[in-house]
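The values are calculated or read from the model by the stated rules, or taken from the named source; none is laboratory data. Quantities reported herein were computed from a predicted structural model and do not represent experimental measurements. Note that we place each Cβ from the backbone using ideal geometry, even for glycine, and neighbour counts take in every protein chain shown. For accessibility, only protein heavy atoms count, side chains too; no ligands or nucleic acids. Shrake-Rupley method; radii C 1.70, N 1.55, O 1.52, S 1.80 Å.
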Amino acid sequence: ATRHNEYEILILGGGIAGVMAAESLYQQGLRNFKVIEARNVLGGRMMSFDFGAPGRQYTLELGADWIHGTQTDDGPSNPIFDLALKHNLTTHPNDYRGSITTFDPTGQVDYLTTFYNAVEAFMNLTIAAGKRVPRGLVDATARHGYSIIGSRPRTPHEVASEYYQFDWELGQTPEQSSWIGSAWAANFTFNVEQGGYSSDNLLTVDQRSFAHIVQSEAAEFLEPDQLMLGATVRSVRYDPDGVTVVLTDGRSLTADHALVTFSLGVLQYDDVLFEPPLPDWKMEAIHGMAMGTYTKIYLQFPKKFWFDTEFALYADPERGRYPVWQGLDLEGFFPGSGLLFVTVTGDYSKRIEALPDDKVKEEVLSVLRAMYPNETVPEPDAFYFYRWNSDPLYRGSYSNWPASLVTAHHTNLRAPVGDRLWFAGEATSLKYFGYLHGAYFEGKEMGEIIARCVRAGVCEHLPHFDEVLNAAPY
């Protein structure tokens, strides 16, 4: 006789994938499920915080901050945009390409021509990648692709301009990223001809936080006893009869099915123990995809002394050293706030995470002083950045597709193990990995598949490959 489990489904993680999966279950008429979330609030990597000197505080986003792509005419709409409209999220358009000032260590220098050449080069990179797919040509790194199309940045101005198009979006360098994968990421979200939404980017300025849309959505259907907050998963035991989830405080829960929505980084770090260990094909897929990091370093000054555009680009001799600056002390954002932030990504993020805050602050201010040689740049009233990579609940910001990963690996990343253990999250989305809407779609779809599985007693088989082979011999 099979054992009787407490729940039909346990959803591990209360980010957008977990919440959308729960909503799918609810819509399919299932009620015997529970969402387990380590933090005391739903939202996952949609994480906000209060920042600023006393009396001048703002709720700002540490994680997801933008709605990427909205809707063009009556074409497909980004579901995150739909949720934002439904829950009255306050956002403001953010002009990535048309509102930018350029700097280097000598101060403000106009290299906008170089910048727009890099915009074009990225477009050509994605077009060239797109042509490779139907012809069955091999993938390569995005760096390889850039070189082939004739974009070979050498000067700091060229390098910073490329960084703004590439790393600042993908969270890793062209050397670390798939040529085809990086084109996918851009096309399916922003390029309307490829089925994308629009080229709009909306920054959330809502003082209830970006996660408000997830929390409000959950509040419409989730009962208090279907949610367990402040509960960190230690281990997941699975067998043909179901799943046992053990929490760090020793409590355990049993279910017929579990949906794992942990970030890819958590799976890579072995922060959660799987018993038995996940099969080789699964581990190869987990460690084949990469986890990018995206770090926003926030500063608040007594008053604004910087650029009037939305963005600034700083070209350092060292690639990736405090390159992308964004002013928030602007009409439509937070006027009069004295807020400014700079973003670093990838390995540079890991570098600053290993340093004390004071050291990072000193470096950031030295860059700001180079950008404004004739200004007296004061000490900031407030300074903060989040260490995404060191946080055991995330281990990075979002996934990135490296050149060595083939689609069969990715199929394996989202495939269930047996009929009991399921996986969803932004990393499992083929078209939208790295994006919030990727997590939305994956959660929703896996929820639907599991619901059918529970109701029919027969699970549809999501494919996996026991071995991922070369298309041609070496």
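Key figures
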read-out: Axial C-alpha extent at least 15 Å, average Kyte-Doolittle at least -1.0 - helices from the chain (DSSP); value: 16-27, 112-132, 179-190, 357-371, 436-456
read-out: Two-site FRET efficiency, Ser366 against Tyr474, from Cβ-Cβ distance with R₀ of 51 Å, rounded to 0.05; value: 0.60
read-out: Environment charge of Gly338, counting only residues whose C-beta is closer than 11 Å and scoring Lys/Arg +1, Asp/Glu -1; value: +1
read-out: Dipole magnitude of the stretch 411-463, debye to nearest 20 (Cβ charges: Lys/Arg +1, Asp/Glu -1, about Cα centre); value: 60 debye
read-out: Alpha carbon centroid spacing (whole Å) that separates the stretch 439-470 from the stretch 69-147; value: 31 Å
read-out: Simple spin-label estimate for Thr90 and Gln207 in nanometres, 7 Å along Cα-Cβ; value: 0.6 nm
read-out: R0 of 60 Å, Cβ-Cβ distance Gln57-Asp466: FRET efficiency to nearest 0.05; value: 0.65
read-out: Longest to shortest principal axis, alpha-carbon extents of the stretch 348-440, angstrom; value: 62, 24, 24
read-out: Relative contact order (percent, whole number), the chain, Cα cutoff 8 Å, 6+ residue spacing; value: 24 percent
read-out: Counted charge near Gly145, where neighbours are those whose Cβ lies closer than 13 Å (Asp, Glu -1; Lys, Arg +1); value: +1
read-out: Given charges at Cβ of Lys, Arg, Asp, Glu: the stretch 1-118 dipole, positive-most of Leu60, Ile36, Thr113; value: Ile36
read-out: Per-residue SASA entry for Asp381, accessible area with 1.4 Å probe, Å² rounded to 10; value: 80 Å²
read-out: Label-zone membership for the stretch 259-293, site Ser235, 7 angstrom Cα→C-beta point, backbone N under 11 Å; value: 273-277
read-out: Distance between the stretch 367-404 and the stretch 405-423 - C-alpha centres, whole angstrom; value: 33 Å
read-out: Net charge contributed by nearby residues that have their C-beta within less than 14 Å of Arg3 (K/R +1, D/E -1); value: -3
read-out: Mean accessible surface per residue for the chain, computed with a 1.4 Å probe while every protein chain stays in place, in Å²; value: 41 Å²
read-out: Solvent-accessible area of Trp281 with every protein chain in place, 1.4 Å probe, in Å² to the nearest 10; value: 30 Å²
read-out: Expected 222 nm ellipticity per residue - DSSP helices of 4 or more, -39500 (n - 2.57), all of the chain, to 500; value: -9500 deg cm²/dmol
read-out: Test item: Cα-centred dipole of the stretch 70-159, Lys/Arg +1 and Asp/Glu -1 on Cβ, debye; value: 460 debye
read-out: Thr90 accessible area, assembled protein chains, probe 1.4 Å, Å²; value: 70 Å²
read-out: Separation of the Leu355 and Asp225 label points, Cα + 7 Å toward Cβ, nm; value: 5.3 nm
read-out: For the chain, share of DSSP beta bridges that run antiparallel, in % to the nearest 5; value: 70 percent
read-out: Whole-Å distance, taken between Cα centres, linking the stretch 286-313 and the stretch 1-32; value: 36 Å
read-out: Estimated dipole of the chain in Debye, rounded to 20 [Cβ of Lys and Arg +1, of Asp and Glu -1, Cα centre]; value: 460 debye
read-out: Accessible area of the chain belonging to carbon and sulfur atoms, whole % at 1.4 Å probe; value: 51 percent
read-out: Unit charges at the beta carbon, dipole of the stretch 304-413: most positive-side option, Gly332, Pro380, Tyr322; value: Tyr322
read-out: Linear extension gain, Gln28 paired with Thr113, 0.36 nm per residue minus alpha-carbon span; value: 25.2 nm
